[in-house]
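Chemist: The structure is given below, and queries will be raised subsequently.
Every number here is computed from the coordinates shown, using simple stated rules; none is lab data. Bear in mind the structure is a predicted one, so any value in this text is a computation, not a measurement. A quick note on method: Cβ atoms are made from the backbone with ideal geometry, for glycine too, and the neighbour counts reach across all protein chains shown.
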Amino acid sequence: MLDNLKKTDQLAEDKCLHHRHGSKREILREVFGHDSFRPNQEVVIDTLSSGRSVLAVMPTGSGKSLCYQIPALMHEGLTVVISPLIALMRDQVSALKLAGVDADTINSSSDQSAKYAVWKRLKGGSLKLLYLSPEKLMTEMMLDTLKKQKLTLIAVDEAHCISQWGPAFRPEYAELAQLNKIFPKIPILATTATADEVTRSEIVKLLFAGNAEVHVQGFDRPNIKLSVTAKVGNKRQLLDFLTPHKGTSGIVYCLSRKKTEATATLLESWGFRALAYHAGMNKDERDANQNIFMTDPGVVMVATIAFGMGIDKSDIRFVLHADMPGSIEAYYQEFGRAGRDGEPAEAHMLFGLDDIRMRRFFIDEEDVGEDRQRRQRQRLNALIGYCESPTCRRRALLAYFGEWIDPCGNCDVCLDPAELADGTEYGRMALSAIYRTGQRYGTVHIIDVLRGKKTRKVASAGHDHLPTFGVGEEITIQEWRALIRQLVSSGFLIQDIAAYGGLRISEIGRDLLKGNCTFEYCRPVKLSRSPKTQEVNKFSQSAHLSSDDKLLLDRLKVLRLQLAKEREVPAYVIFHDRSLESMAQSRPATRREFAQVNGVGAAKLRDFADIFLAEITGKPGTSCWM
């Protein structure tokens, strides 16, 4: 197959034309075979042609690549395209060669003879487009060579990777911030499908030193039906969703490698053609499975988030998240791989208590600094708000990106509205507390005021003397959190993701506060734990342990007693018997598995995981995640 690809590339290379530098419409028609531009393409091309840099935020499938390919052919000189994926670069280069464009790539997968041939054409000035990874571009040799060329344009694909606030931050992208200094007179185009206002500001600051035009086309993908279901702890939910899609291409996202493989096996037993994909597989197996998915019809790829970026397959009919993603941006990017052909597709998410718990734990454990952790928590809360949205789900999703629409008619909430409760009184309580405290505090502080909790922060600000102090004391913290999330997702409140999560009242929020409209909400959903956790808990309650399990349980009790004596606390304060029985039966081998044990919270995971894992595995110092 590799020989055939090489022959195709050689034939395409033989056909490469040094196009006369025509108009954008001539190139669009003669080279790419299109009669008209898609929305936003032309304005981006015109801006670049005038010498101005651009950040273009355009939905998946909207034709971002033409925004730099056409300017490359309109003008003399070389365009450099930076991409994070070798496979994506290879595919685009092959497509351009077949269109008669002199394009190529230098990357780690190229053999020495191929690299030499490209270097020769680069130095000779015959290349029109050169695709590079950020690491390859920022080498001294490459930069010195490019400084000697007539450079026309630099394009940075998947530009959200440069922002530490984006859903796929890559440290190697950070060096690209030097480009505007190294090539100060060369326009730069950054393209992405996934960037909220905070991420867009970060890209403009880093990549353009604040000097660029920003074109946001919009985020709506109206052909994709959106739906969310709370997990009830059984496999039936998977089967019910997937059965109508049997025989079509789709992606099922799972949180862990183990669940990815187990789910692929389960789907195979149900008659689906399913393949697994995760970072723990060897590269040849991953590549083979990806190739099958890309070329064969009706294949379901069960994957972790290691799969997806750069996947250019137009007929993916569904994306199912069997576990909750980490943020709205990540979710938007992942389900956006469906329906690129514009035909109907579906994005469905299952979420449960364990999902939320694990996502919060991942944030707390990540060594990225308090500022980034705070923003990640706010983004996760925004996703939970989307899951709980009492009104049009697409409206809640797009509102997060600063885009407002009427109810879409193509989401589960619009098609099958949930039973809502009148939350007008509670909503006005919350808005009043937010208004009276200056519209600058986050959810935790507002709930403390509403429930009459006199914390040091509340007292020092004098908020214990406000009329709203304690007016909502009969409402639980969980209920207030859900209410405030839904006030945000419904557009009554705006949360400042960029700073400390401060809440402020929107235009329609002011109408609610004045009594000119009403607010309905979904009562907090009783979420289940994962099936695995339920099975462990059930076993723990019955304590039907094998003889080996009982021996391990005895050792764990001795360890617990030792820790309790050291801390001068009762043994059950360390762990209840049920937790030790769960450990003895499930035998967790990693911190992630230990976190699934009933009774293990973030603090106990931090303080006791390594100690108990060493006893369970017999390997002192056990602290691995995977």
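Chemist: At a Cα cut-off below 16 Å, give the lysines reachable from Lys120, other chains included and same-chain residues fewer than 8 away excluded.
Modeler: Correct list for Lys120: Lys128, Lys147, Lys148, Lys150.
Chemist: Taking 7 Å along the Cα-to-C-beta vector as the label spot, tell me the Asp367-Gln112 distance in nanometres, rounded to one decimal.
Modeler: Each label point is offset 7 Å from its Cα along the Cβ direction, giving 3.8 nm.
Chemist: If the chain between Arg121 and Ser50 were fully stretched, how many nm would it gain, using 0.36 nm times the residue separation less the Cα-Cα distance? Could the numbers behind the result be given before it?
Modeler: Values: separation 71, 0.36 × 71 = 25.56 nm, distance 2.75 nm.
Difference between extended and current length: 22.8 nm.
Chemist: Can I ask one more? Report the per residue volume, in Å³, of the convex hull enclosing the C-alpha atoms of the stretch 421-521. Please list the in-between numbers first.
Modeler: Numbers: hull volume 8.9 nm³, N = 101.
It comes to 88 Å³ per residue, whole-number rounded.
Chemist: Same structure, new question: Which option, [x] 3, 14, 22, 24, 19, 12, 5, 1, 0; [y] 3, 12, 19, 22, 21, 16, 6, 1, 0; [z] 3, 17, 27, 26, 18, 8, 2, 0, is the value of P(r) over Cα pairs in 10 Å bins from 0, in percent that was calculated from these coordinates?
Modeler: [x]
Chemist: In whole angstrom, how long is each semi-axis of the equivalent ellipsoid of the stretch 341-460, when you take the square root of 5 times every eigenvalue of its Cα gyration tensor and sort them from largest down?
Modeler: 30, 22, 14
Chemist: Which order do Arg317, Arg25 fall in if you start with the one that has the fewest other Cβ atoms within 10 Å?
Modeler: Placing the least packed residue first, the sequence is Arg25, Arg317.
Chemist: Shifting gears a bit: For a Förster distance of 45 Å, can you work out the FRET efficiency between the beta-carbons of Ile182 and Arg29, rounded to the nearest 0.05?
Modeler: 0.80
Chemist: Fewest to most neighbouring Cβ within 10 Å: what's the order for Ile446, Ile82, Ile475? Can you show the working numbers first?
Modeler: Details: Ile446 24, Ile82 27, Ile475 17.
In order of increasing Cβ crowding within 10 Å: Ile475, Ile446, Ile82.
Chemist: To check you understand DSSP bridge types, tell me what percent of the beta bridges within the chain (both residues inside) are antiparallel, rounded to 5.
Modeler: Details: 5 of 55 bridges.
Taking every DSSP beta bridge with both residues in the chain, the antiparallel ones total about 10 percent.
Chemist: May I pose another question? Order of Phe519, Phe362 from fewest to most other C-beta atoms within 10 Å?
Modeler: Details: Phe519 25, Phe362 16.
By the 10 Å Cβ count, ascending, the order reads Phe362, Phe519.
Chemist: Give me the number: length gained by fully extending Val444 to Lys457, i.e. 0.36 nm times residue separation minus the C-alpha to C-alpha distance, one decimal in nm.
Modeler: Full extension of this stretch gives 3.6 nm more.
Chemist: Hey, another quick one. DSSP loop (so not H, G, I, E, B), at most 13 other Cβ within 10 Å: list which GluC sites (Glu not before Pro) in the stretch 469-516 pass both filters.
Modeler: Those that pass, being in a loop and sparsely packed, are Glu473, Glu474.
Chemist: From the helices alone, meaning DSSP H stretches of at least four residues, give me the mean residue ellipticity at 222 nm for the chain, per-run term -39500 (n - 2.57), in deg cm²/dmol to the nearest 500.
Modeler: Calculated mean residue ellipticity at 222 nm is -13500 deg cm²/dmol.
Chemist: Assuming 0.36 nm per residue, please report the length gained on full extension of the stretch Lys550 to Asp496 beyond their Cα-Cα distance.
Modeler: 14.3 nm
Chemist: How big is the stretch 35-120 by the Kirkwood estimate over distinct Cα pairs, in Å?
Modeler: Averaging 1/r across every pair of different Cα atoms and inverting gives 14.5 Å.
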